[in-house]
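Every number in this text was worked out from the coordinates using simple rules, so none of it is lab data. Please read all numbers here as calculations on a predicted model, not as lab measurements. As a convention, Cβ positions derive from the backbone with ideal geometry for all residues, glycine included, and neighbour counts pool all protein chains shown.
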Amino acid sequence: MMPRIAFFFGISIYMYLGDHGVPHCHGVYGDYADSFSVEDGTILAGMMPPKPA
């Protein structure tokens with residue numbers, strides 16, 4: 001199990017300790033999941049729901 005490092009607005013942010021590739025975190029929100037760059041927030045894989053209008 002990866003440690004949850006943050007939780008806000010229903011989004012859980014996790015970080016794998018032994019993960020590979022560029023520095024990144026994983027976000028989980030309901031049925032959505034993504035990984036994003038720590039450096040600039042670019043989504044590397046997966047998706048999150050669109051922003052409400």
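Worth pointing out:
- Selection of segment 17-47 for residues being of a type in the set (S, T, Y) and surrounded by 13 or more Cβ atoms within 10 Å (Cβ to Cβ) yields Y29, S35, S37.
- Hits in segment 1-16 (condition: assigned to a loop (DSSP other than H, G, I, E, B) and surrounded by 15 or more Cβ atoms within 10 Å (Cβ to Cβ)): M15
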